[in-house]
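Contents: one structure, followed by commentary.
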Amino acid sequence: MNLGLDGKTALITGGSKGIGRACAVAFAAEGCALHLVARDETRLEAAREAIRAEHSVAVHIHAADLRD
C-alpha cells in the first residue's frame, strides 16, 4: 500500500512491542523515518535493529516514561 509517506517522520509511543511496534513496521514500510518512544531501552534497541534489517529507514529511539 502506498500512502505517500515516503520521506516523512513518524513519532510512535509504545514502539518497542505490540501495536506500537506493528505501527512502526508499517510506517517504515512506507518509507518513514521513525522516532520510537518506550520505557524499556533494551526492547527499543531490539525493535530498532529488526526494523533497520528489514527497511532502509532511520530509526531513532528514546527511552522515556510518558505516564503522569
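Every number in this text was worked out from the coordinates using simple rules, so none of it is lab data. For clarity, every value in this text was computed on a predicted model and none was experimentally measured. With ideal geometry, Cβ positions are generated from the backbone for all residues, glycine too; neighbour counts draw on all protein chains shown.
Scan the stretch 17-48 residue by residue and report those that are within 12 Å of H60 (Cα to Cα) and either of a type in the set (K, R) or touching a residue at least 40 places away in the same chain (Cβ under 8 Å) (or both).
Listed by number, the list holds a single entry, R48.
Of everything in the stretch 30-56, what is surrounded by fewer than 16 Cβ atoms within 10 Å (Cβ to Cβ), over 26 Å from R67 (Cβ atoms) and either β-branched (V, I, T) or touching a helix residue (DSSP H, G or I) at 6+ places or on another chain (Cβ under 8 Å) (or both)? Give them in sequence order.
Correct list: E54 only.
Would you say A26 is part of a helix (DSSP H, G or I), under 21 Å from L5 (Cα atoms) and over 10 Å from the mean Cα position of the chain (by Cα)? Reasoning before the result, please.
Working: part of a helix (DSSP H, G or I): yes; under 21 Å from L5 (Cα atoms): yes; over 10 Å from the mean Cα position of the chain (by Cα): no.
When the stated conditions are applied, A26 does not pass them.
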